[in-house]
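K.L.:
Below you will find the structure I want to go over with you.
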Amino acid sequence: MTDKLNELTAAGVAVWLDDLSRVRLSSGGLDQLRREKHVAGVTTNPTIFAKALSDADEYNWQLRDLAIRDVDVEEAVRMLTTYDVRWACDVMRPSYDGSDGVDGRVSIEVDPRSAHDADKTVAEAKALWWLVDRPNLYIKIPATEEGLSAITDTLAEGISVNVTLIFGLDRYSAVMEAFLAGLEQAKANGHDLSKIGSVASFFVSRVDAEVDKRLEKIGSEQAKSLRGKAAVANAQLAYERYSKVFASDRWKALAKAGAHPQRPLWASTSTKNPDYRDTIYVEELIAPGTVNTMPESVVDAYADHGETRGDTVTGAYDAARKVFADLESVGVDMDDVIATLEREGVEKFEVSWQELLDGVRKSLDAAAKGKGAPNKAAKGNAKTAAKVGGNS
């Protein structure tokens, strides 16, 4: 059989998993995906952690210990999530070493409630970097206006960054500027640029979800004919901007000093509309030097019936610009679309973060009352994690 994920990797797309849980770690499932399905990185977010902690009893032993210590809920969340991320970093370490530090990365997000507070974001990024203590970690920072300076300042500390919640082209250009400035400051601060990594997470399917909703409301045949086209066009034009920035003399000077480019990462790549092909946001966004982070369902779908047709991005810029022109002609305000998506993106992660806090609070209370005693399997998982997840 054809190894479709290997074909995708050979075309220059790094396959990352958009999911993490302690069950996936303790079962060896993540390592299996790395070895058998070319998964070369992991992304997480508050929604993923909220689900993971609500679904499994494998956290019971740690929750019990935290409850005995009277740890508050905010610290407990950090202890639980950084434990999993540290373990995942160790699982992905062969990919990191084998790619000279480009892949094998695992991301953890700053508290989304700090998305509009640059100083707090940087302080938390430094704390998370210290807590996880792995070179293949990424700190996720939202690409809000306030987040731009936090991106620069975090990189300047020698900390690798995954910039998340990018929806629009102008904000993406500002993110790349923040990245270049951060590396220049990191160099001035004496950091080894070859050890600093970054990706820019450009969200895809949410764009179609919002634009399609507006096209349905407009209701004309011309408007309806544009459904399912905005997200891919938006990402293709983002890659055009990426190509120009990373061909500049400014970038070449940093590359000469050992820096790796900030790769575009296509996020939110599961289709929200069941009428669309389930692999559309992978197949239509194949280009060298990119990352596609997928839920396992999309990884499996691509392995089964994905089509790698070579570069589907760099020859599509004019067609993408026409899609934008057509959207404007039927009355879709893309600036408002992007502003709405950014606002909602931060709000959704804030809601998930609160759900995570509430869930952990309940679990701590239960553990304190003796209801969360660890079972034998959990004890075994704790021993396994201690071997691979301890500080080194």
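The values are calculated or read from the model by the stated rules, or taken from the named source; none is laboratory data. This structure is a prediction, so every number in the text was calculated from the model and none was measured. Here the Cβ is made from the backbone with ideal geometry for all residues, glycine too, and neighbour counts use every protein chain on show. The area values use the complete protein model at the heavy-atom level, side chains included, leaving out ligands, DNA and RNA. Shrake-Rupley method; radii C 1.70, N 1.55, O 1.52, S 1.80 Å.
K.L.:
Which of (1) at pLDDT below 95; (2) open to solvent by less than 60 Å² (accessible area, probe 1.4 Å) is the odd one out, the single condition L215 does not satisfy?
P.N.:
Unmet condition: (1).
K.L.:
A further question on this structure: Suppose we keep only residues that are more than 17 Å from the chain's Cα centre (by Cα) and either more than 23 Å from A188 (Cα to Cα) or among the charged types (D, E, K, R) (or both) within segment 135-162. Which one would you say is most open to solvent (accessible area, probe 1.4 Å)?
P.N.:
Ranking the candidates gives E145 first.
K.L.:
Can I ask one more? Scan segment 338-362 for residues that are within 21 Å of E145 (Cα to Cα), touching a Pro at 6+ places or on another chain (Cβ under 9 Å) and of a type in the set (D, E) and jot them down.
P.N.:
E342, E347, E350
K.L.:
When only residues in segment 163-200 that are small (G, A, S) and open to solvent by less than 10 Å² (accessible area, probe 1.4 Å) count, which is farthest from the chain's Cα centre (by Cα)?
P.N.:
Checking each candidate, the answer is A186.
K.L.:
Let me ask something else about it. Please name all residue pairs, on different chains or six or more residues apart, with Cβ atoms under 6 Å, provided the first residue is in segment 292-307 and is over 20 Å from N162 (Cα atoms) and the second residue is part of a helix (DSSP H, G or I) and open to solvent by less than 10 Å² (accessible area, probe 1.4 Å).
P.N.:
Listed pairs, sorted by first residue: Y302/V282; A303/L5; E307/E283.
K.L.:
So, in segment 21-49, how many residues would count as being open to solvent by 50 Å² or more (accessible area, probe 1.4 Å) and either without any contact (Cβ under 8 Å) to a residue 12 or more places away in the chain or not hydrophobic (A, V, I, L, M, F, W, C) (or both)?
P.N.:
8
K.L.:
When you go through (1) farther than 30 Å from A115 by Cα; (2) open to solvent by less than 70 Å² (accessible area, probe 1.4 Å); (3) at pLDDT 90 or above one by one for N381, which number turns out not to apply?
P.N.:
Here N381 meets the rest and fails (3).
K.L.:
Need pairs with beta-carbon distance below 6 Å; first residue closer than 11 Å to A230 by Cα and modelled with pLDDT of 95 or more and within segment 314-333, second open to solvent by less than 20 Å² (accessible area, probe 1.4 Å) and small (G, A, S); sequence gap 6+ or separate chains.
P.N.:
Close Cβ pairs satisfying both conditions: A320/A233; V323/A233.
K.L.:
In segment 35-76, which residues are within 21 Å of the chain's Cα centre (by Cα) and assigned to a loop (DSSP other than H, G, I, E, B)?
P.N.:
Result: K37, H38, T43, T44, N45.
K.L.:
Would you check if there is a residue in segment 113-122 being within 20 Å of H260 (Cβ to Cβ), open to solvent by 50 Å² or more (accessible area, probe 1.4 Å) and at pLDDT 95 or above?
P.N.:
For segment 113-122, residues within 20 Å of H260 (Cβ to Cβ), open to solvent by 50 Å² or more (accessible area, probe 1.4 Å) and at pLDDT 95 or above: absent.
K.L.:
Here's another thing I want to ask about it. Determine which single condition K120 fails, assuming it passes every other condition in (1) out of contact with any Asp or Glu (no Cβ under 7 Å at 6 or more places or on another chain); (2) within 18 Å of L20 (Cα to Cα).
P.N.:
(2)
K.L.:
State all residues of segment 337-378 that are of a type in the set (A, V, I, L, M, F, W, C) and at pLDDT 90 or above; if no residue qualifies, say none.
P.N.:
V337, I338, A339, L341, V346, F349, V351, W353, L356, L357, V360, L364 - these are the residues of segment 337-378 that are of a type in the set (A, V, I, L, M, F, W, C) and at pLDDT 90 or above.
K.L.:
Six or more apart or on different chains, Cβ atoms under 6 Å: show the pairs whose first residue is in segment 5-20 and in contact (Cβ under 8 Å) with a residue 40 or more places away in the chain and whose second is charged (D, E, K, R) and in a loop (DSSP other than H, G, I, E, B).
P.N.:
L5/K37; A14/D103
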